[in-house]
Amino acid sequence: MNIIKNSVFICFCYIFFSFQIVLASTSFPIQPIIHLNAIPFHLNEVILLDSRFKHAQELDEKWLLSLKPDRFLNRFEKNAGFIPKDSVYGGWESLGVGGQSMGHYLSACAMMYQSTGDVRFKERTDYITAELAKCQFARGTGYVGSIIGEDSIWAKVSRGDIRSTGFDLNGGWVPWYVMHKIWAGLIDVYTYTHNEQAKTVVIKLSDWAYNQFHNLSEKQWQKILACEHGGMLEAFVNVYAITGNDKYLKMSKWFNHNKLFKPLLAQKDSLAGLHANTQIPKIVGLARRFEFTNDIDDKMISQFFWKT
């Protein structure tokens, strides 16, 4: 029962935040071509009054402001050849998935800024975005990352030397999953705080991905997708929405995971025993892409997944 409850909660979180992107993207150059029957309120259109919810928000504000951006940036600076300004956080941040928390932090601060109007949260996202831009410039390729051994991992993958046992890719711990948090954080900063530099950084990062991996075959991509890759499909759809460049919409198809999608398209329940947190963002990405393409396969897969 706890597993079911946790899976439902995870699903709710992904869908809620994806809905927020749908709503906040009303100023994006590319708009959905299908009619949306339900659209949520903007975060700044809801003000919490004195209540347990307001109390929870205040605790969240205090927690976010207690965290140090430079500690999140440690590995990004180190990988770009700079001397880090502060020590890295412990836990997973000091391990092979370090850097993902920085993406989550960008999203949280951006949403809190739109919810409260407190400029301290925009100052945080502006600062981190500017530091990431410095690291990106130093790398010279458009890439910016925090993964241990990332240059070797990506170079091997781009050559078609691809190995994965599910949660590793060429020895790296879910590198696309980690990178998705960076994509999502930068998109959220642009969406909720209108920081143009965040848009520039995420476009350069997306172009790096195109230059690095566009020659890979579908068979090679399916080998890559055996490793958990977060919401990269949705990320490229959202980059398409903020740029209008079809290239990024086509790149989202790199992340069509046939092992999951094909049975669902055939209306076959193949979900038993699968890791929920790995699958849900893939489906959210399909639903998001359907909004811009009206692709019937994307619709059928995501609806059957939701129903099942």
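The values are calculated or read from the model by the stated rules, or taken from the named source; none is laboratory data. Please read these numbers as outputs of a predicted model, since none were measured by experiment. Cβ sites come from the backbone with ideal geometry, for glycine too, and all protein chains shown count toward neighbours. Each accessible area value is taken on the protein alone, full model and side chains, heavy atoms only, with ligands, DNA and RNA left out. Shrake-Rupley method; radii C 1.70, N 1.55, O 1.52, S 1.80 Å.
Please identify the helices of the chain, taking whole runs of DSSP H, that span at least 18 Å along their own axis as judged from the Cα atoms and have a mean Kyte-Doolittle score of 1.0 or higher.
On the way: long enough: 2-24 (33 Å, 1.66); 52-66 (21 Å, -1.01); 100-116 (24 Å, -0.04); 119-139 (30 Å, -0.57); 175-193 (27 Å, 0.27); 196-213 (26 Å, -0.33); 276-293 (26 Å, -0.03).
Length and hydropathy pass: 2-24.
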Which percent of the accessible area of the chain is formed by carbon and sulfur heavy atoms (probe 1.4 angstrom)?
-> 58 percent
Check cross-link reach from residue 250 to the lysines: straight Cα distance under 26 Å, and skip same-chain residues fewer than eight apart.
-> 156, 181, 199, 204, 219, 223, 259, 262, 282, 299
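Over the Cα atoms of the range 208-256, Rg to Rh with Kirkwood Rh, two decimal places? Numbers along the way, then the final one.
Numbers: Rg = 10.7 Å, Rh = 11.1 Å.
Expressed as Rg/Rh, it is 0.96.
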Dipole in debye (nearest 20) - the range 68-172, about Cα centre, beta carbon charges: Lys, Arg +1; Asp, Glu -1 | 80 debye
Ignoring ligands and nucleic acids, residue 265 exposes an accessible area, probe 1.4 Å, in Å² to the nearest 10, of 60 Å²
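Find the percent of Cα-Cα distances in the range 205-308 that exceed 16 Å, and round it to a whole number. Don't jump to the answer; show the numbers that get you there.
On the way: 3020 of 5356 pairs.
The share of Cα pairs beyond 16 Å in the range 205-308 comes to 56 percent.
Please sort 39-45, 291-297 by packing, taking for each peptide the average over its residues of neighbouring beta carbons within 10 angstrom, highest first. Let's see the in-between values first.
Details: 39-45: 12.1, 291-297: 15.6.
In descending order of packing, they fall as 291-297, 39-45.
Could you give the dipole magnitude of the chain about its Cα centre, charging the beta-carbon of Lys and Arg +1 and that of Asp and Glu -1, in debye to the nearest 20? Intermediate results must be reported in sequence, preceding the final value.
Working: 33 positive and 29 negative charges, 139 e Å.
Charge dipole of the chain: 660 debye, to the nearest 20.
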Determine, for each peptide in 72-83, 278-289, 242-253, the mean count of other beta carbons within 10 angstrom over its residues, then list the peptides with the highest first.
-> 278-289, 72-83, 242-253
Per-residue ellipticity at 222 nm attributable to helices in the chain (runs of n ≥ 4 DSSP H, -39500 (n - 2.57) apiece, nearest 500 deg cm²/dmol) works out to -20000 deg cm²/dmol
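Ordered by packing density, taken as the mean number of other Cβ atoms within 10 Å over each peptide's residues, highest first, how do 209-216, 101-108, 28-35, 46-53 rank? Let's see the in-between values first.
On the way: 209-216: 15.1, 101-108: 22.0, 28-35: 12.8, 46-53: 9.2.
Ranked from most to least packed, the peptides come out as 101-108, 209-216, 28-35, 46-53.
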Relative to a virtual label point 7 Å from the Cα of residue 118 in the Cα→beta-carbon direction, which members of the range 55-89 show backbone nitrogen distances below 17 Å?
-> 55-69
Can you tell me the accessible area per residue over the chain, all protein chains present, probe 1.4 angstrom, in square angstrom?
-> 48 Å²
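Can you quote the Å³ per residue value for the convex hull of the Cα atoms in the chain, rounded to an integer? Don't jump to the answer; show the numbers that get you there.
Working: hull volume 43.1 nm³, N = 308.
Normalising the Cα hull of the chain by residue number yields 140 Å³.
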